[in-house]
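Encoded as structure tokens, the structure appears first; notes follow it.
Here, each number is a calculation from the coordinates, and none is a lab measurement. Everything numeric here is computed off the predicted structure, so don't read it as measured data. Here the Cβ is made from the backbone with ideal geometry for all residues, glycine too, and neighbour counts use every protein chain on show.
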Amino acid sequence: MKKVVLGGAAMATLLAALFAPEDEGSIVGPATATTRQVERVAVAPLAAVAAPQTGRALAIHPRRALEDDEAATLFAKQSWQPDTPKKIMLDQQAAQATRAVAAVDANAPPPLPFQFLGRFVDEGKAAYFLQAGERNVVARPGDTLEERYRFDGVVQGALQFTYLPLNLKQTLAVGDLN
């Protein structure tokens with residue numbers, strides 16, 4: 001098989017050499033060196049060229065070195081917002097937080113520490129799954145939770161608790177309890 005391929009390649013080379021065009025009609029001719037005359041144009045110095053409309057001469061200024069403060073801020077973070085509104089907003093937020101802490105009534109119960117996870121109904125009795133911090137709690141109406149809360153039941157689609165130290169009612173909205 002190799003002999004056939006080599007023979008075919010040799011035959012193609014011979015045919016290409018035999019039928020190759022003569023040098024006089026070839027597309028690519030031999031390279032020859034030629035010389036031509038270049039016209040010399042007078043060039044005026046750059047500083048002497050006048051601007052067409054202003055009459056002032058153009059000049060090239062030498063590159064100036066950046067000073068230390070310019071070099072330091074060359075790639076610094078930049079913003080369109082001035083710094084003062086940010087500081088004012090932070091001060092206002094701190095003042096609001098202080099007022100909110102002062103406005104908390106001493107007789108108000110703390111926020112409920114529970115999150116609703118789900119509910120289970122067995123023989124007509126519902127049990128509610130709650131999360132208190134890292135612990136999971138199963139609550140039924142009448143149960144005391146965390147030694148400070150009593151679970152009263154469901155009222156208008158929300159779980160109702162009583163904060164025992166102050167005897168105040170609190171609700172935990174849970175949405176639809178299907």
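Which length gain, in nm to one decimal place, applies between I60 and Q96 when the Cα-Cα distance is subtracted from 0.36 nm times their residue separation?
Additional length available on full extension: 7.0 nm.
For A173 and L74, what is the calculated FRET efficiency with R₀ set at 45 Å and r taken between the beta-carbons, to the nearest 0.05?
With R0 = 45 Å, the Cβ-Cβ based efficiency is 0.25.
Stretch Q156-A10 to full length: gain in nm at 0.36 nm per residue minus the Cα-Cα span?
42.7 nm
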